1. So, Thr185, is that one part of a loop (DSSP other than H, G, I, E, B), touching a residue at least 24 places away in the same chain (Cβ under 8 Å) and out of contact with any Cys (no Cβ under 6 Å at 6 or more places or on another chain) or not?
2. Quickly run through segment 113-152 and pick out the residues that are small (Gly, Ala, Ser) and either without any contact (Cβ under 8 Å) to a residue 24 or more places away in the chain or buried (at least 21 other Cβ atoms within 10 Å of the Cβ) (or both).
3. Return yes when Thr162 is assigned to a helix (DSSP H, G or I), free of Cβ contacts under 8 Å to residues at least 40 places away in the same chain, touching a strand residue (DSSP E or B) at 6+ places or on another chain (Cβ under 6 Å) and of a type in the set (S, T, N, Q) and no when it is not.
4. For segment 90-125, what are the residues that are of a type in the set (Val, Ile, Thr) and within 16 Å of Ala168 (Cβ to Cβ)?
5. Assess whether Ala41 counts as being of a type in the set (Gly, Ala, Ser) and more than 28 Å from Ala127 (Cβ to Cβ).
6. In segment 215-235, how many residues are touching a residue at least 24 places away in the same chain (Cβ under 8 Å), farther than 20 Å from Asn135 by Cα and of a type in the set (D, E, K, R)?
7. Identify the single condition in (1) out of contact with any strand residue (DSSP E or B) (no Cβ under 7 Å at 6 or more places or on another chain); (2) modelled with pLDDT of 95 or more that Leu169 does not satisfy, given that it satisfies every other one.
8. Tell me the residue from Asp205, Asp238 that is under 30 Å from Val173 (Cβ atoms), part of a helix (DSSP H, G or I) and without any contact (Cβ under 8 Å) to a residue 40 or more places away in the chain, please.
Amino acid sequence: MKTSGNTILISGGGSGIGAALAQRFHAQGNRVIVAGRRREALDAVIGGREGMFAMTLDVESAEAIEDFALRVIAEHPSLNVLINNAGIMRFEALDTRRDLADAEATITTNLLGPIRLTNALIEHLAARGDAAIVNVTSGLAFVPLVDTPTYNATKAAIHSYTVSLREALKGKVEVIELAPPAVQTGLTPGQESRPGYQPLDEFIDEVMALLGQQPTPGEILVERVKGLRFAEREGRFDTALAQMGEMARKAREGQEA
């Protein structure tokens, strides 16, 4: 992936990993469009920087995505990189009957959102030089956290979708998967300072270094996520599953993980 001279669209760009990637890519000489629901958060990310732009987008709405795609292409015809980052994470209990609103919202945002946005922009991207799609998944795609079952499932699905997309677009659009570990962001309440989670700046430093490799790896894996990514291959899956649950419990209780 070319790391400068691009026009990059980042969904979920108003906070966390999306916001940090936006600012780093801009600093490397890219035009960057951050998209999300909250205009005030997007404006704070761009901070008046020349070459950064904010556009509102509701990834839960298929119609809104189609309209957004038309607008972003019209306003930024040089767009050649899409980073599908928008996502939500909800805790769910599986041992009792419950309202499925959280599960359905998670599927719509985390799975249908990237599929719909990619579909709406794919013909434009395929016609651009140095085009790339980066899908943000999670280490939980490979070893699930029992308390967030639908989140894990959507990230596993996007991993599989990305594999297919990479093959389908070979020679046309570079397709990359970014699978974060547990990172200190606002994804869940209290996560910004949760013990045992990787500091955001440290995570982004590793990610930008990996994205700068030539050729760029098909999977961007910082050191902290490799234990999850390769657990099954290395025969450690059951142990990793138990450790993941225990780490999450201690982290939420404010203990050292």
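The values are calculated or read from the model by the stated rules, or taken from the named source; none is laboratory data. Not measured: the values here are computed from a predicted model. So basically every Cβ, Gly included, is an ideal-geometry build from the backbone, and we count neighbours across all protein chains shown.
1. The answer is yes for Thr185.
2. Gly113, Ala127, Ala131, Ala132, Ser138, Gly139, Ala141, listed by residue number.
3. So Thr162 fits the description; yes.
4. Selection gives Ile115, Thr118, Ile122.
5. Considered against the rule, which asks whether it is of a type in the set (Gly, Ala, Ser) and more than 28 Å from Ala127 (Cβ to Cβ), Ala41 comes out as yes.
6. 1
7. All conditions pass for Leu169, except number (1).
8. After applying the criteria, what remains is Asp205.
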